[in-house]
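J.: Below you will find the structure I want to go over with you.
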Amino acid sequence: MLAFVGFLVSPLEQGLIYGMMALGVYLSFRVLNYADLTVDGSLPLGAAITASMIVAGHDPWLATLLAVLGGAVAGTATGLLHTQLRITPLLSGILTMTALYSINLRVMGRSNIPLLRADTIFNQAAALGLGERGASLILAAGTAALLIFLLYLFLETELGLAVRATGDNEQMIKSLGVNTDTTKVLGLALSNALVALSGSYVAQYQHFADVGMGIGTIIAGLASVIIGEVLFGSSSVWRALVAVVGGSFFYRLVIALVLWMGLQPTDLKLMTALLVVLALASPQLKQRLRLGASGS
Amino acid sequence: MLRLKNVRKVFQAGTVNEKVALAAINLEIPAGDFVTIIGSNGAGKSTLLNVIAGVYPVDAGRIYLDDQDVTGWAEHVRARLMGRVFQDPLLGTAASMTIEENLAMALRRGEKRRLRKGITAAERALFRERLAELGLGLENRLNDRVRLLSGGQRQALTLLMATLKKPQLLLLDEHTAALDPKTGEKVLDLTIRLVEEHRLTTLMVTHNLHQALRAGNRTLMMDEGQIILDVRDAERQRTTVHDLLALFEKRGVYSDKLLLANAP
Ligand SMILES: Nc1ncnc2c1ncn2[C@@H]1O[C@H](COP(=O)(O)OP(=O)(O)OP(=O)(O)O)[C@@H](O)[C@H]1O
Ligand SMILES: [Mg+2]
């Protein structure tokens, strides 16, 4: 029993930390209805900014804050490519993501920065007397809860309603006097700020930043969002947000399980893709099963 | 008061598909007029409403609303002055959002959106009151997603949204056409009631000649980007559906859609 609880801790921490990224993906993919691939670049951007600042001796909280700003700038770039130059959502994200690969290398100065004995937000929290394990869990859970709360508040403001309507029915909200270029850029900036924050936490949690750590971020984010919807539903904004982080935990749990069962780490991306297909197809599958049962 | 001076709109100019949708339109609509607009398919009715709303720029001419030249204003800026209802009931509301959220967005039409609470308690009470006037029972469903409503209910809601914050101009483009005849008549009744109650200056496009003569105080007929008939008040009261059909026939623009909509 104790071993099982111990087994849960790591996926839980990862689920919470990557859950912040999934919240960002939820914002672009579900709320704005914008398939934004920038995230594959903004997650490592957050990690890169944080790691290089910490190594340079800056305060880790300041490093985290700057990572968030960096993510917001990346999202703004994608938004401007789309709204000002009329580049498609997909391509605008790919362009920023590609550019970020070079930018992240520049920020880091090399392809990998270890943070082994560096001062991180987790160490600082542990020094407050929370203990090493407790500190990671409490900090991750506290941040995720705070973000869910803030995002919920935002999505219920005048501005938040306008952002949601932009993703739902652009023509309608335009006819109500909202500049949808602005709401799109704002939504993408927020989304990528969340993703970069997640990247910053990841780097400090795993004690290194790597230029390649962003590969597959979008698919992991989608997996979390979709699994969350299937498992926990999305009947209200509140519930949908909690479901995203819940989905993220479940996704990390599945990964931990299949690794424990002996799957090669290199096969993980394949497994993730299959998981997303399964989650996406689940409504149809359910319907077919029901039809099959009643039809025969 | 709305004024159009020599407004011209050409689609795909310079190609073989060039189409003059509006040819030098001159039009004055004093405040309080309720104008119905008829015309065959492709006559330019929707284009007229769209250039007024700023959906696309004009190729020539100017548009004034209350003596302001709004010709260069973007669509979302003009929205401050105009309420709109589209033909497709799906276009006027955000389906994944609740009835009260949709109304709250409409109440702030043309205003800057801030980080303030999206809906206040006082507004909720107002929504309930205004929804009750529709007589559809929607006042008890403030938290239902709009997706759950029927086409007629959605169109009634859109109409309420367009008039919730009094617009200088109400633009209705065949907003009853996608509904079954009975629901369509109900939505038209509601339209007439709201327009009279708030004394709204209104432009309503319709294919239904009965509706065109029943609603409002003035009727325009369009053909090939031009206004070919403009009757109001006493003169319009003398006009019959028969007269309008005769006029269509004379122009040789008797379209299938018109025939269907106005079959005896
Ligand atoms: N966005 C557009 N691009 C190209 N051509 C257009 C566009 N919108 C309208 N047109 C053309 O302009 C002409 C006028 O169209 P409009 O939609 O204003 O007609 P309408 O009077 O509303 O017709 P209907 O009764 O069928 O709705 C038509 O020939 C149409 O094909
Ligand atoms: Mg039309």
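J.: Tell me, please, whether a residue that is open to solvent by less than 40 Å² (accessible area, probe 1.4 Å) and at pLDDT below 95 can be found in region B:144-151.
T.: If we filter region B:144-151 for residues that are open to solvent by less than 40 Å² (accessible area, probe 1.4 Å), which is where we start, we get B:146, B:149, B:151.
Still in the list and also at pLDDT below 95: B:151.
The answer is yes, given that some residue of region B:144-151 is open to solvent by less than 40 Å² (accessible area, probe 1.4 Å) and at pLDDT below 95.
J.: Also, quick follow-up: B:Thr183: hydroxyl-bearing (Ser, Thr, Tyr), more than 16 Å from ligand 1 (Cβ to nearest atom), farther than 22 Å from B:Glu101 by Cβ and open to solvent by less than 10 Å² (accessible area, probe 1.4 Å), yes or no?
T.: no
J.: Testing B:Arg80 on (1) over 18 Å from A:Asn169 (Cβ atoms); (2) facing chain A (nearest Cβ under 7 Å); (3) open to solvent by less than 20 Å² (accessible area, probe 1.4 Å), one condition comes back false. Which one is that?
T.: The failed condition is (3).
J.: Kindly provide the set of residues from region B:21-53 that are among the small types (Gly, Ala, Ser) and either without any contact (Cβ under 8 Å) to a residue 24 or more places away in the chain or within 14 Å of ligand 1 (Cβ to nearest atom) (or both), ordered by number. Show your work before the answer.
T.: Start the filter on region B:21-53 by keeping residues that are among the small types (Gly, Ala, Ser), which leaves B:21, B:23-24, B:31-32, B:39-40, B:42-44, B:46, B:53.
Passing the criteria: B:Ala21, B:Ala23, B:Gly39, B:Ser40, B:Gly42, B:Ala43, B:Gly44, B:Ser46, B:Ala53.
J.: Quick one: in region B:83-95, of everything that is more than 7 Å from chain A (Cβ to nearest Cβ) and in a loop (DSSP other than H, G, I, E, B), which residue is most open to solvent (accessible area, probe 1.4 Å)?
T.: Filtering region B:83-95 down to residues more than 7 Å from chain A (Cβ to nearest Cβ) leaves B:83, B:85-90.
With the extra rule that they be in a loop (DSSP other than H, G, I, E, B), the set shrinks to B:86-90.
On the way: B:Phe86: 23, B:Gln87: 75, B:Asp88: 62, B:Pro89: 15, B:Leu90: 102 Å².
Among them, the one singled out is B:Leu90.
J.: If you don't mind, another one. Among the listed residues B:Thr98, B:Thr47, which satisfies the condition of being more than 12 Å from chain A (Cβ to nearest Cβ) and either of a type in the set (S, T, N, Q) or surrounded by fewer than 17 Cβ atoms within 10 Å (Cβ to Cβ) (or both)? Before you say what the answer is, go through the steps one by one.
T.: Working: B:Thr98 fails: more than 12 Å from chain A (Cβ to nearest Cβ).
Residue meeting the stated conditions: B:Thr47.
J.: Of the residues that make up region B:50-72, is at least one within 14 Å of chain A (Cβ to nearest Cβ), more than 16 Å from ligand 2 (Cβ to nearest atom), hydrophobic (A, V, I, L, M, F, W, C) and in a loop (DSSP other than H, G, I, E, B)?
T.: For region B:50-72, residues within 14 Å of chain A (Cβ to nearest Cβ), more than 16 Å from ligand 2 (Cβ to nearest atom), hydrophobic (A, V, I, L, M, F, W, C) and in a loop (DSSP other than H, G, I, E, B): present.
J.: Would you please name the residue that is nearest to B:Gly39 (Cα to Cα), looking only at residues in region B:162-196 that are among the polar types (S, T, N, Q) and more than 16 Å from ligand 2 (Cβ to nearest atom)? Talk me through it step by step, then tell me what you get.
T.: Just the residues of region B:162-196 that are among the polar types (S, T, N, Q), to begin with: B:163, B:168, B:176, B:183, B:191.
Remaining after also requiring more than 16 Å from ligand 2 (Cβ to nearest atom): B:163, B:168, B:183, B:191.
Numbers: B:Thr163: 26, B:Gln168: 25, B:Thr183: 23, B:Thr191: 20 Å.
If we take residues in region B:162-196 being among the polar types (S, T, N, Q) and more than 16 Å from ligand 2 (Cβ to nearest atom), then B:Thr191 is nearest to B:Gly39 (Cα to Cα).
J.: Please report, ordered by residue number, the helices (runs of 4 or more DSSP H) entirely within region A:25-128 with at least 1 residues that are over 21 Å from the mean Cα position of the chain (by Cα) and closer than 25 Å to A:Val245 by Cα.
T.: A:121-125
J.: Looking at region B:146-159, is at least one residue under 20 Å from B:Gln211 (Cβ atoms), part of a loop (DSSP other than H, G, I, E, B) and more than 16 Å from ligand 1 (Cβ to nearest atom)?
T.: No: region B:146-159 contains no residue that is under 20 Å from B:Gln211 (Cβ atoms), part of a loop (DSSP other than H, G, I, E, B) and more than 16 Å from ligand 1 (Cβ to nearest atom).
The values are calculated or read from the model by the stated rules, or taken from the named source; none is laboratory data. Just so you know, these numbers come straight off a predicted model, no measurement behind them. Don't worry about glycine lacking a Cβ; one is built from the backbone with ideal geometry, like all the others, and counts go over all protein chains shown. Side chains included, ligands, DNA and RNA excluded: accessible areas come from the protein's heavy atoms. Shrake-Rupley method; radii C 1.70, N 1.55, O 1.52, S 1.80 Å.
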